[in-house]
Amino acid sequence: MQWVGVPQLASAVSEAGGLGILTALTQPSPDALRVAIRETRKLTSKPFGVNITLLPSINPPDYEGYARAAVEEGVKIFETAGNNPGPLIKYFKSKGCYVIHKCTTIRHAKSAEKLGVDCLSIDGFECAGHPGEDDIGGLVLLARAVKELKIPFVASGGIADARGLAAVLAMGAAGANMGTRFMCTVESPIHQNIKEKIVASTERDTVHIFRTLHNTARVFKNKVAMEVVAIERRGNAKFEDIKDLVSGARGRLVYEKGDPDIGIWSAGIAVGLIDDIPTCEEMLKKWEVEVEDIVAGLNKVVISSKAKL
Ligand code: NAD
């Protein structure tokens, strides 16, 4: 949710009954994050969190500075993601915060559990952005998570409708983490053209870049992404060979200018499930009813199959 997790959207998600998350690195500095946190508080009195993602970066961010700024501003819920989160998790826990750590493997989830996180976000291969390198889909990851983890977890990747939410609850998740779906809401700060592009897309419209650099990212399949993939396929590609194509600064222009082909932008295969641009409240209210109906329908199936036995 780089460039998307801003006060306007995070507050709308929290107001609608979800847990809105500000993406720290979207802000240019820790002080700018302080301003964003204060702005979010003006827009909602409900809880919201801050995400800090630790991945290779063209300009390494001041992670500690962002973390300190958010804690000092009174944020109590953090989502961490990426490599070597230990020191950040330790810091947040020492300040009494609730930490959700995003993992793409069960072994990483177990390590995070040992580090003392409160909740895990189990991120299947369907997800936007960085799915890790093991290529395990959500169904298998969640089934393993429920058997092996001691703490609660939410499901991430491939969820964009009530049926998906009901499915992950049935798998044992305490909730769902959604990015791509919330990108395509009224309150999302991205250009209307990109929201309409998501609505028009199918599940075949994403692609992986950075596979050869072991920093795989699922992004929207556009001209720039295909150029990056072509360079990687030639072999021996170094990050420098694709740096100008993939830079986040360039990707940001996609959302600002509304041209889906200017740069790289994250999208999960859930683009294939999205066919409207609702407000966050309309969407979550509708899902509440639909999930209950789906679960009631499943109960009926269970009862009638037991009766047949
Ligand atoms: P950026 O402009 O620094 O880098 C653009 C992309 O190139 C990012 O995906 C980054 O991981 C990758 N990258 C940078 N240096 C690399 C290297 N040496 N080797 C391999 N890959 C490299 O990033 P940005 O778009 O300004 O985003 C800022 C931060 O937020 C980055 O750390 C990025 O990874 C992270 N982010 C995370 C997600 C996610 O799925 N969690 C999505 C977007 C961005």
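The values are calculated or read from the model by the stated rules, or taken from the named source; none is laboratory data. Since the structure is predicted, the reported quantities are computational estimates derived from the model, not experimental observations. All Cβ positions, even for glycine, are placed from backbone atoms using ideal geometry, and neighbour counts span all protein chains on display. Ligands, DNA and RNA are stripped out before the accessible areas are found, and what is left, the full protein with its side chains, is counted by its heavy atoms. Shrake-Rupley method; radii C 1.70, N 1.55, O 1.52, S 1.80 Å.
Distance between the pseudo-spin-label points of Glu39 and Glu196 (7 Å out from Cα toward the beta carbon): 2.6 nm. Ranking Phe153, Ala267, Gly74 by Cα position along the charge dipole of the chain, where only Lys, Arg, Asp and Glu carry charges on their C-beta atoms, puts Phe153 farthest toward the positive end. Could you tell me the relative contact order of segment 7-190? Use alpha-carbon pairs under 8 Å, at least six residues apart, and round to a whole percent. Relative contact order here is 15 percent. In order along segment 133-140, phi translates into HN-Hα couplings of 10, 8, 6, 9, x, x, 4, 6 Hz, rounded to whole numbers, per the Karplus curve 6.51 cos²θ - 1.76 cosθ + 1.60 with θ = phi - 60° and x for Gly and Pro. The apolar share of the surface of the chain, taken as the fraction of accessible area on carbon and sulfur atoms (1.4 Å probe, ligands and nucleic acids excluded), comes to 54 percent. Just to confirm my numbers, what's the Cα centroid distance between segment 34-96 and segment 221-276 in Å? Cα centroid of segment 34-96 versus Cα centroid of segment 221-276: 26 Å apart. Solvent exposure of segment 7-190 amounts to 43 Å² per residue of accessible area, where only protein heavy atoms count and the probe is 1.4 Å.
Each residue, Leu55 and Lys147, gets one label point 7 Å from its Cα in the Cβ direction; the gap between the two is 2.9 nm. Going by amide H atoms built from the backbone, whose H comes under 5 Å of the H on Ser121, apart from near neighbours? Distant-sequence amide H within range of Ser121: His101, Lys102, Cys103, Val154. Of the residues Thr180, Thr40, Thr216, which exhibits the maximal mean-square fluctuation in a Gaussian network model of the chain defined by a 10 Å Cα contact cut-off? Top of the fluctuation ranking is Thr216. Residues whose amide H comes within less than 5 Å of that of Asn51, counting only those at least five positions distant or on another chain, are Leu22, Thr23, Ala24, Glu79 (H built at 1.01 Å from N in the peptide plane). Note on the chain: helix-only mean residue ellipticity at 222 nm, from DSSP H runs of 4+ residues weighted -39500 (n - 2.57) and normalised by residue number, equals -14000 deg cm²/dmol.
Of all lysines in the structure, those lying under 20 Å Cα to Cα from Lys243, and not within fewer than 8 positions of it along the same chain, are Lys221, Lys223. Expressed as a fraction of 2.2 N^0.38 Å, the value expected for a compact globular protein of N residues, the C-alpha radius of gyration of segment 7-190 is 0.98. Between Asp259 and Asp241, the simple spin-label model (points 7 angstrom out along Cα→Cβ) gives 2.6 nm. Relative contact order of the chain: 16 percent, from C-alpha pairs under 8 Å at least 6 residues apart in sequence. Computed from the alpha carbon positions, the gyration tensor of the chain leads to an equivalent ellipsoid with semi-axes of 28, 24, 21 Å, biggest first. Amide H to amide H, with H built 1.01 Å from N, Ser29 comes under 5 Å of no residue 5 or more places away or on another chain.
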